[in-house]
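The values are calculated or read from the model by the stated rules, or taken from the named source; none is laboratory data. Keep in mind the model is a prediction, meaning the values are calculated, not measured. Don't worry about glycine lacking a Cβ; one is built from the backbone with ideal geometry, like all the others, and counts go over all protein chains shown. Accessible surface is based on the protein model in full, side chains and every heavy atom, while ligands, DNA and RNA are left aside. Shrake-Rupley method; radii C 1.70, N 1.55, O 1.52, S 1.80 Å.
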Amino acid sequence: MAASKLFNFSAGPATLPARVLERASEAVRELRGSAHAPHAEGIGLSLLEISHRSADFTAILERATALCHEVLEIPSTHAVVFLQGGASQQFAMVPMNLARTDKAAAFIDTGVWSKKAIRESKLQQETLVAASSGDTGYDRIPAVPELEAAKTSYLHIHGTQWRELPQVADVPVVADLSSDIGCHPMDFSRLALGYAGAQKNLGPSGVTLVFIEREFLASLEAREQVPYFFRYATHVEKQSVYNTPNTFGVLVLQLVLEWLRDEGGLEAAGRRNREKAALLYDHLDASSLFVPHAQPGHRSLMNVRWSADGAPEAEREAITQRLLAEAKAAGLVNLKGHRSVGGFRASIYNAFPLEGVRALVEFLREFEARA
Ligand SMILES: Cc1ncc(COP(=O)(O)O)c(C=O)c1O
């Protein structure tokens, strides 16, 4: 591998397609005449300098919204908006909008993101942890227990990849899709509300995709104490321009979805992602030094976690540090596990190339042979 070629395994903001970076830089230099606004008015203006209410940005916003329906397969029954504040703001906004005085919100606790969302929910409403994989170190997706519709306002799920989105009779499902949206086809008609920070599979940080079923939105109890800014109805009604949105983020999201469409859409992305993930998991399963974290059948296609737990405990930390340093020197960067769990994590989102996974597997093989 050429030393100049870096493979970036960052969990987010993450690798973006080279074509998207080129087109985004072009639009930052000058929007007029670029592929995004061939007829743009104004001479020499950058995307960053135009009004969010201009015809040019309106066209970008409309295209981005249409691509969310077309490429991500968000049903037309659901309104799409682009907000700010990340997925973390949604942890607070969901209960602000969905809490009911006569029912509890149910959560499936799958780790750090669930915990943050549960904390916000508890400020607003009765909150129930219906299932958790905490007892086994969050290495699986727990089964969803039966939930009584008369007592449950909604079910909220997060994080670790769900093979299939859950369906519970008469209980609306809300999903944090930040780490896996767009990685393969998903049946979003099962969701009353979905959201994703863009910085993993959709674009840069600072823009959050939210979609909400229009009928569900209309059915929500009015909660007069909720500030207008934090009401979904406000942003849906004003079609993402109630206030100034992240105009750059929306353009990059549009470019990423165009790239995804041109690469064959979600079916093809799913095939590529399964191939990449299998290559890495197969290697880790066969290794005697490395131990993958998630149980087979519960593994994310996007975020692969593992440790050096095959080594004697006293040596693990030194091996981990040596591996990270050597990987970096070999151009394999950002493999350090999340600060709360340690070990290694390779995020291999849609735009991460197969050749980078091959390079990592080859590196791990050589490293283990020397260890
Ligand atoms: C599944 C999931 N939810 C939420 C977050 C937090 O997102 P944000 O930083 O956009 O608030 C992350 C970030 O890594 C994530 O992976």
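How much of the calculated P(r) for region 19-262 lies past 29 Å, in percent of all Cα pairs? Don't jump to the answer; show the numbers that get you there.
Details: 8994 of 29646 pairs.
The share of Cα pairs beyond 29 Å in region 19-262 comes to 30 percent.
Quick one: plug the Kirkwood hydrodynamic radius of region 264-370 (C-alpha pairs) into Stokes-Einstein at 37 °C, 0.692 mPa s, and report D in µm²/s. Before the final figure, lay out each step's value.
On the way: Rh = 14.2 Å.
It comes out at roughly 231 µm²/s.
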Stretched out fully, how many nm does the piece from Gln321 to Asp102 gain, at 0.36 nm a residue minus the Cα gap?
73.7 nm
Give the carbon-plus-sulfur fraction of the accessible surface of region 19-262 in %, rounded to a whole number; probe 1.4 Å, heavy atoms of protein chains only.
50
So what's the gap between the Cα centers of region 209-252 and region 95-139, to the nearest angstrom?
22
What is the dipole size for the chain, taken about its Cα centre, with +1 at each Lys and Arg Cβ and -1 at each Asp and Glu Cβ, in debye to the nearest 20?
640
Residues meeting the amide H criterion for His78 (H placed from the backbone, H to H distance under 5 Å, 5 or more places apart or on another chain) are Arg214
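Trypsin sites (Lys or Arg not before Pro), restricted to region 284-360: which are DSSP loop and have at most 16 other Cβ atoms within 10 Å? Mind dumping the intermediate values first?
Numbers: sites: Arg299, Arg305, Arg316, Arg322, Lys328, Lys336, Arg339, Arg345, Arg358; in loops: Arg299, Arg339.
Qualifying residues, ordered by number: Arg339.
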